[in-house]
Amino acid sequence: MTKQNSGKSCETPTRHSRFLLGVLMAGLLGGGVVAAQEEQKGIDQDNYNIKQSVEFGYRFTDLNGSQETYDTMVNLQSGFRLSGFTTEMRSLDQHATFFDRLYFSNFGYGGDPNDVSQLRISKNKWYSFSAMFRKDQNYWDYSLLANPLNPPTAPPNAHPNFNPLLNAPLNVQGTSIVGVSPHSFYTRRNMQNYGLTILPDSKVRFRLGYDQTAVYGPGFSTIHQGTEQYLLENDSMHTNQYRLGVDFRFIPRTTFSYDQIWTYYKDDPGLNDTNQQFSPGAGLPPVDLGVSFNVGANQPCSNTFQSGGIVNPTCSAYSSYFSHYQTRINSPTEKVTMQSTYFKNIDLAGMFSYTGGDLNVHNYQQNFTGLESRTNLSNYAESGPTQGRHVATFADFGATWHVTHDVSIVDSFHYSSWKEPAQYAASQCSYFSSSLIVPVNIFSPTATLPVTCAPPAAGILDATPVHSTSSGADASLNLDSNFLKQENLTNTVEVRIDINPKVGVYIGYEYRHRVIADNFYNTLSAVYFPNNAARGNCALAEGVLPMGCTLNGDGSISYVEPISPLGPAGVTDINENHAVLGAWARPTPKLRFSFDADIMSANNTFTTYSPLSYQEFRVKANYKAASWVSVSGNISIYNSQNNVTNVNGFGHNRSYGFSVQLQPTEKLTLDLGYNYNSIYSQVLICFTATGSEPGLPACPGVTGLVQQLSPYSSNVNTGFIDFSWNVLSRLTLHGGANLNGVSGSDLNLTPLSLVPTSVAGSLNSQWYQPYGGVDYRIAKRWTGRAMWDYYGYHENATATYQDTYAPRNFRGNLVMLSLRYAF
Amino acid sequence: MAANSKASGRVPLFLVASLLIFATFASGQAPPQVVDKSPQSATTPSPSEPAPVDSKYLGPETCKTCHEEIYNNFVTTPHVATTMEGKLEANKGPEWHGCEACHGPGKAHVEGGGDVSKIFSFKNATPKETSARCLACHQNREEQSNYSRSAHLQSGVACIDCHSPHHAETAEFLLKKNPPKLCYGCHLDIRAQFARPFHHRVNEGLIQCSDCHNPHGGFERKQLRTAVGQDEVCYKCHMDKQGPFVYQHEAKIEGCTICHSPHGSTNARMLNQNQVNLLCLSCHSQNANVGPPPTPTFHNQAQKYQACTLCHTAIHGSNSSSVFFTP
């Protein structure tokens, strides 16, 4: 996959001819005829009642605006479609030979991004089988994520068509950079799920299951090595899960279950740099200068181009890069569950599971040739094995004691403990040069090396490498071992009281205790070749080599990290106390309310973004005012605080909404509703930025950074309307809309800078989806349909700090003409 | 590391656990009991209570004589299986079969000329009472085994608020409406979230609310399901983010919602904030003994990075880079 023209161009040519053809056909088919869908009664045949429907058609898509944003958000293109295919079979006497019930449904096939197939077959008393296949085509090219902050100024001596803001075609050397959506991807996710239950109603029940998730496809990424080089990644991830379970029901009203689950994860990605667009000189292979071009900040380097557009040979760039590895995670899980109402007035449920998983990464290779100017690194190879474990124990127990007819006591207990130790032993070989066009000097050491390095073929043998004072070791074996764990103990107890058949309340208390601990261990064996051998871990300290460093006869310095005892783990201990309470009421059969509250207070948090306390309230109401009108309301309020010194964290998420359902006749239904959502958060942040607000205080405890309050607000208005009107016996009209508008703000870190760090983007935008359609019953069992969908996305161009890649707006008109056959 | 080094310990563990649990119940095994579903009963019809003899039960054919339309619909639903001879091996007896399995014995109702006070009425019962009727049969599966402790029942939502044995819109699971419209009827705020431009494909039909949430309750908050090994439900599909990793992004301990809005968001990648850098700086600011490190002083926010993830690409975890530069 390659990057094509994209980015700043807003208006793409409309597909007028195709769209007009679609409208014409809609008119011919429509012609004043509209149809109602018959109720599917099915046909009785061979001891089965069979219902079936199939709908196929063609979609016409007419798009104005950003194709990339449309494909990211909607991705419905023109073409033939299998809109739906459904079969239901039900045996009439419940004693059919192979199955008594079958349900098979499909939709989306033909090119839509989401295809789903679902199958359920069962034979009373003998088996029940379910299968599902889902495909998700996930195209991502929204031009406001991971973009470099390139100003519009091209570096001097650049190609005349060079533009730091545009993704130019790759076939025009010297012009192409990737400043827009460098992390776009086009992946496909296939999910399959199968489950079989044998003897579902017997005292011993067997369950088999298999799930597979496969994710594959191309995507783009970047890597920071001097600059940010542009990489093509081909994903290939698979997860296979096998499940075997058995239920025992020998004791009355009690079920014991055992499940053995095995999960196997496999990932075989490859990353390559295929963006070598710039020439470092005649006869030399082209190089990738990365995605960041900021002359004022000397990115990718000062004086990037020399006369004729030749790359400055001292500039950071890649001639080549590749990385590949094979990740394998093998996780068997044993699970025991219990459910019982054996004891009078007591409901019990419990679960215990143990997972012991292994992580292995095989054949890890990372290779780079080019130049990292700060360190003179010119050729680098890294490899090494990775191993890890995921050990998790979970235990849950719940009990409901029906003390009286109206009073229940509910208790839920949870314990979990998981640990993840992992280590990576990296063998690293580095070769240095001061220039892109000068081969590396290959040193011939007499000292023993911790790893075996294969020198590059194009190097100069028996020469002294050209290091800078920032160069790393020439050969090293680095072992990183990390450990992370969490223990969680939670218990919730509630009293629930049905005051009368129309009103109930509950009150409860929850205690949660978490301990999070991490630790790490590192050992390093390295050799620093001359010149500047006394660098890195062996840089002279007051003229003396540090501990662990040994000067060798060939002028190199060997380093072995001094053994030190494992340091204390970083431990975070958190105690949370919750008060939970609520009520429900049904004063009349037509009116119901519910109220729920959860109030939490903790003594600690793991991150500054986590709340130290919060209050959550939810109110729901529903009133059936008449047989033909129903009104619903919903209020949800969440307030959070982490108001400790140097955090000043506050936040809220408040939502208010209502909906009305009207059905004045059997032939007319109307739903409409509105929701307002206010989201706010703030926290003190520390950063450094040229062009930041003047006079900011210094960040306490961190030299060189300033501190500023970072508020974020988002106010979302959502409205919806849906109607269906069976105008005539053959004619039904559908219509409606989902309308979404958001306005908000966040902190601009660089208000004095020409290129803002924070842009309006989707935070100030509208998202409209009206639709309409007609159904016309052409003949018995045949229905013609014409459906119009509109997708409109608009980012507010007048909002403060719009970026150069705006607008990402689009307007899509889709017309779907289909024919449905059903019985 | 040997993958099977722990395997030998699992079998004795399972056997010991099973024996302990079985011994607890076997020692107190009571004789088989019949459910008392009489509407005259002063107590909540609990599945564990004894019930009278079957002379009060008439069978579904009797119900059909007056309620023919409902009966004709009933025989098209999976509940018709309760009328089959020998169908329910675990639950034998007329009190488990047909209409009277839910509505209780019908003799008094018939003899009373259709007196509605002589039979169990779902309309006038509490959510706990109506749900107990359904759970008498359906509680023995893990899917429904936690309903008595669920947030739904806690808020007065009964089984029949979502399911309709007689007037279901969907043949599958006898739901009153197709999901997600069924869920949106109460969860209006969630409907609004899925209407935002960046959202999980629930409205498109790719996934359903019940893929992540168990509407019948569970052991997790918000009635969330779990991935295998009781990990976050997100990893059912996003397994590449699960790990374990050598270099962990420890914020994941707080859950994926520390950075993402799982239903829908106006921000790309369903992030909680529009600007990636501000989201990262929310945690990577302070210098503390534990927790994330602050950003280094050479990270000039004005120069390169509209998003920290331009360089820190493997932000969910890495096996090769302590700063998440490479996967």
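Subtracting the Cα-Cα distance of A:D411 and A:R374 from 0.36 nm times their residue separation leaves 7.2 nm of extension gain. Taken over the C-alpha atoms, the stretch A:607-763 has Rg and Dmax values of 23.3, 77 angstrom.
Think of the protein assembly as shown as having a plus end and a minus end, set by charges on the Cβ of Lys, Arg, Asp and Glu; of A:Q67, A:W262, A:Y791, A:Y791 sits farthest toward the positive end of this dipole. Surface exposure of the stretch A:592-639, expressed per residue as accessible area with a 1.4 Å probe, stands at 44 Å². When the other protein chains are added to the chain by itself, burial of at least 10 square angstrom of heavy-atom accessible area (probe 1.4 Å, ligands and nucleic acids ignored) affects these residues of the stretch A:623-643: A:S632, A:N634, A:S636.
When chain A is described by a simple charge dipole with +1 on each Lys and Arg Cβ and -1 on each Asp and Glu Cβ, the residue from A:F293, A:G309, A:T400 located farthest towards its positive end is A:T400. The portion of the accessible surface of the protein assembly as shown made up by carbon and sulfur, rounded to a whole percent, is 60 (1.4 Å probe; DNA, RNA and ligands excluded). Here the Debye sum runs over all C-alpha atoms of chain A as equal scatterers in vacuum, and log10 of I(q)/I(0) at q = 0.05, 0.07, 0.09, 0.10 Å⁻¹ comes out as -0.40, -0.80, -1.33, -1.58.
Rolling a 1.4 Å probe over the heavy atoms of the protein chains gives the stretch A:221-363 an accessible area of 33 Å² per residue. Measure nothing fancy, just the Cα-based angle from helix A:16-30's long axis to the longest principal axis of chain A, in degrees from 0 to 90, nearest 10. Taking the Cα atoms of chain A, the angle to A:16-30 is about 10 degrees.
Remark: accessible area buried at the A-B interface is about 14300 Å², both chains counted, probe radius 1.4 Å. What FRET efficiency comes out for the pair A:A297/A:A698, r = Cβ-Cβ distance, R0 = 35 Å, nearest 0.05? So, using R0 = 35 Å, E works out to roughly 0.95.
When only alpha carbons are used to place a centre, the stretch A:689-759 and the stretch B:146-185 end up 35 Å from one another.
Rolling a 1.4 Å probe over the heavy atoms of the protein chains gives the stretch A:462-506 an accessible area of 41 Å² per residue. Expressed as a fraction of 2.2 N^0.38 Å, the C-alpha radius of gyration for the stretch A:304-379 is 2.51.
Full extension of the chain segment joining A:V727 with A:H362 gains 124.8 nm, where the gain is 0.36 nm per residue of separation less the Cα-Cα distance.
Simple spin-label estimate for A:I499 and A:V204 gives 5.2 nm between the two label positions (7 Å along the Cα-to-Cβ direction from each Cα).
The charge dipole of the stretch A:239-299, taken about the Cα centre with unit charges on the Cβ atoms of Lys, Arg (+1) and Asp, Glu (-1), comes to about 460 debye, rounded to the nearest 20. Modelled label positions at A:I563 and A:N47, each set 7 Å beyond Cα in the direction of Cβ, lie 7.7 nm from each other. When +1 charges are put on Lys and Arg Cβ atoms and -1 charges on Asp and Glu Cβ atoms, the dipole computed for the protein assembly as shown relative to its Cα centre reaches about 2300 debye. Can you compute the label reach from A:A463? Point 7 Å from Cα along the Cβ direction, backbone N cut-off under 19 Å, restricted to the stretch A:518-534. Residues A:529-533 fall inside that zone.
If you take the Cα centroid of the stretch A:392-435 and the Cα centroid of the stretch A:456-532, the two points sit 14 Å apart. When the charge dipole of the protein assembly as shown is built from unit charges on Cβ atoms (+1 for Lys and Arg, -1 for Asp and Glu) and taken about the Cα centre, the candidate among B:N72, A:A534, A:S745 whose Cα reaches farthest toward its positive end is B:N72. Between A:L591 and A:Q326, residue separation times 0.36 nm minus the direct Cα-Cα distance comes to 89.5 nm.
The values are calculated or read from the model by the stated rules, or taken from the named source; none is laboratory data. Fair warning: this is a prediction, and the values are worked out from it, not measured in the lab. Cβ coordinates were reconstructed from backbone atoms using ideal geometry, including for glycine residues, and neighbour counts include every protein chain displayed. When the accessible area is computed, the model is the full protein with side chains, heavy atoms only, and any ligands, DNA or RNA have been set aside. Shrake-Rupley method; radii C 1.70, N 1.55, O 1.52, S 1.80 Å.
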